[in-house]
């Protein structure tokens, strides 16, 4: 028995996903769709509201621009929670390493730490969706540090201990990172490969995304990086290096001030303590990236 909670902004998409859920979930369910078409409430507030209305023990939070492809996926989810009481969060995409560097749910570069099973469409690449499947250890499930917010499930028991942080995250970004970290203070977060869906749209890395991710990294600085599988120091260093460079480029594109980039690097001296050689290289990289952007008229 599953309560599906959706923050809805499009009536057509909602109608389509309602029918899709009814055709595929395979267990008794309810859909709690909260109209957020005016964007007046952040996802944390909407999800807390939806959870408070739910009558079933398993809660599924999902975007409305998806189509479930797996038959009886609801039973798969219920079975996973029953099989391991230590599981508090189930997703279909996530990473075993959440960098100290501000990023989405995964870093970039080096040894792959992403685990997923999802069909993804892209605005810039019309046509058939791409299957992103990564299960390097050939596991039924993989424990991860954080999950992507496109679709994830938890339980009422979990939400009796934690809530979505609607005071800090009042927009539509970083809620999944924060909820993952919060749940993992008490439970495990896992990726399942037995649920497949098609996600129709890709992410939007705008200024609002930057600001929310920075809030997340400020809140959890002392517990990052977070990892659920052993990486070598060299692997971590490479991930942090490439992720940091990518993030600085995003900051330049978003025209965020150079002071913000330096604040990230200096925050709590975490970079200096964990990656001293990288700290000085990234300090220099920030200066060069912003200087080049000024010369090219991008700032």
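The numbers here are math on the coordinates, done by the rules we state, and not lab data. Everything numeric here is computed off the predicted structure, so don't read it as measured data. As a convention, Cβ positions derive from the backbone with ideal geometry for all residues, glycine included, and neighbour counts pool all protein chains shown.
Axis angle, to the nearest 10 degrees, between helix 207-219 and the longest C-alpha principal axis of the chain: 90 degrees.
For the chain, the mean residue ellipticity at 222 nm estimated from helices alone is -12000 deg cm²/dmol, where every DSSP H run of n ≥ 4 contributes -39500 (n - 2.57) and the total is divided by all residues, rounded to the nearest 500. Hey, what did segment 2-230 get for relative contact order, percent, Cα under 8 Å, at least 6 apart? Normalised by residue count, the contact order of segment 2-230 is 27 percent. Residues considered: 150, 207, 46. Largest GNM mean-square fluctuation over the chain, using C-alpha springs under 10 Å, is found at 207. Against the chain, whose longest principal axis comes from its Cα atoms, helix 276-295 is set at around 80 degrees.
From the alpha carbon centroid of segment 103-143 to that of segment 151-173 is 23 Å. Considering only 217, 186, 173, the Gaussian network model of the chain with Cα springs below 10 Å gives its largest mean-square fluctuation to 186.
Once you sort the root eigenvalues of the Cα gyration tensor of segment 141-243 as a ≥ b ≥ c, which label holds: rounded (a/c under 1.5), prolate (a/b larger than b/c) or oblate (the other case)? Note, shape of segment 141-243 comes out rounded.
Across the alpha-carbon set of segment 58-168, the Rg to Rh ratio works out to 0.96, Rh being the Kirkwood radius. Helix 233-253 and the longest principal axis of the Cα set of the chain meet at an angle near 90°.
Between residue 221 and residue 267, the simple label model (points 7 Å from Cα in the Cβ direction) yields a spacing of 0.7 nm. Rounded, prolate or oblate: which fits segment 126-191, taking a ≥ b ≥ c as square roots of the Cα gyration tensor eigenvalues, rounded meaning a/c under 1.5, else prolate when a/b beats b/c? Verdict is oblate for segment 126-191. Quick one: Cα centre-to-centre distance for segment 239-288 and segment 44-98, in angstrom? Using only Cα atoms, the two centres lie 34 Å from each other.
When you restrict to C-alpha pairs under 8 Å that are six or more residues apart and normalise by the size of segment 4-137, the relative contact order lands at 22 percent. Taking 117, 204, 48 as the candidate residues, the one with maximal mean-square fluctuation in a Gaussian network model of the chain, Cα springs under 10 Å, is 204. From the square roots a ≥ b ≥ c of the eigenvalues of the alpha-carbon gyration tensor of segment 2-93, which class results: rounded (a/c under 1.5), prolate (a/b over b/c), or oblate? It is oblate, given that a/c is not under 1.5 and a/b is not larger than b/c.
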